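A short write-up of the structure that comes next.
The values are calculated or read from the model by the stated rules, or taken from the named source; none is laboratory data. Worth saying up front: this structure is predicted, and the values here are computed from it rather than measured. Every residue, glycine among them, receives a Cβ derived from its backbone with ideal geometry; neighbour counts consider all protein chains shown.
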Amino acid sequence: QLQLVESGGNLVQPGGSLRLSCAASGGTLDYYTMGWFRQAPGKEREGVSCISSDVGITYYADSVKGRFTISRDNAKKTLYLQMDSLTPEDTAVYYCVADKIDLVQALCTVRAFVIDYWGQGIQVTVSS
């Protein structure tokens, strides 16, 4: 069983940057595709970015492509999301996720309730 804990959320001005981290415990990450979902008030959770378990194949939602960068370090059991050029539309609670779904695009596009492991979520607010 994995436990996932996010950190790095904050209040940031439009155009600014944040780096989110997700620390995992309870097992190896070698078998899990991982990613980030987010949820704004009144909206469903949506896949933001996902990364494969081994070779680092990545997926980005169209809304963040070119601005966000996902990475992972399995030895450190940590997942990262570098967020640049942030806009108010990026304001949401961000969740770290992990699942044995073995296709990167599949993890980020499935309905959120089927994903096995979730962090507690961390607030990101982009506002002037």
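Miscellaneous remarks
- Annotation note: of Val48, Val55, Val64, the sole residue that is farther than 13 Å from Asp99 by Cβ, without any contact (Cβ under 8 Å) to a residue 12 or more places away in the chain and hydrophobic (A, V, I, L, M, F, W, C) is Val55.
This table checks each residue for (1) under 30 Å from Ser128 (Cβ atoms); (2) buried (at least 20 other Cβ atoms within 10 Å of the Cβ); (3) among the small types (Gly, Ala, Ser).
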site	(1), (2), (3)
Asp30	no, no, no
Val48	yes, yes, no
Ala61	yes, no, yes
Ala98	no, yes, yes
Leu103	no, no, no
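- The stretch 1-24, residues that are crowded, with 16+ Cβ neighbours inside 10 Å and among the charged types (D, E, K, R): Glu6
- Residue among Val104, Val114, Val93, Val97 that alone is over 11 Å from Met34 (Cβ atoms), of a type in the set (Val, Ile, Thr) and modelled with pLDDT of 90 or more: Val93
- Residues satisfying the stated conditions in the stretch 73-90, i.e. at pLDDT below 95 and loosely packed, with under 14 Cβ neighbours inside 10 Å: Asp73, Ala75, Lys76
- Take the conditions (1) surrounded by 14 or more Cβ atoms within 10 Å (Cβ to Cβ); (2) within 12 Å of Arg38 (Cα to Cα); (3) without any contact (Cβ under 8 Å) to a residue 60 or more places away in the chain; Ile70 misses just one of them, which is (2).
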